[in-house]
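**Q** Before anything else, here's the structure in question.
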Amino acid sequence: MGWMGGFGYLTIALIAVLLVVLYMAYRANHKPNRQSSAITILDEQYATGKIDEDEYLKRKKNLTR
């Protein structure tokens, strides 16, 4: 009946599913944190004087809701 009977195909299918799950878990854990980068950009704009304190506080409050 072939390689380990019908269990060979089942083993291959389980390995494929495991690889997909591992890939999805990897992608979920390695996404850039968009909120963190937005706050970093906001901090840089405030530090360089592109925005004033009132604008900085308003935008930061909006980002951290």
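**Q** So, in nm, how far is label residue 27 from label residue 65 when the simple model puts each one 7 Å beyond its Cα toward the Cβ?
**A** 3.0
**Q** When the chain is fully extended, how far beyond the present Cα-Cα distance does residue 12 get from residue 37, taking 0.36 nm per residue of separation?
**A** Extra length from residue 12 to residue 37 when fully extended: 4.9 nm.
Each value in this text was obtained by applying a stated rule to the coordinates, not by laboratory testing. Note that the structure is predicted; figures quoted are calculated from it, not measured. Quick reminder, even Gly has a Cβ in these numbers, built from the backbone with ideal geometry, and neighbours come from all protein chains shown.
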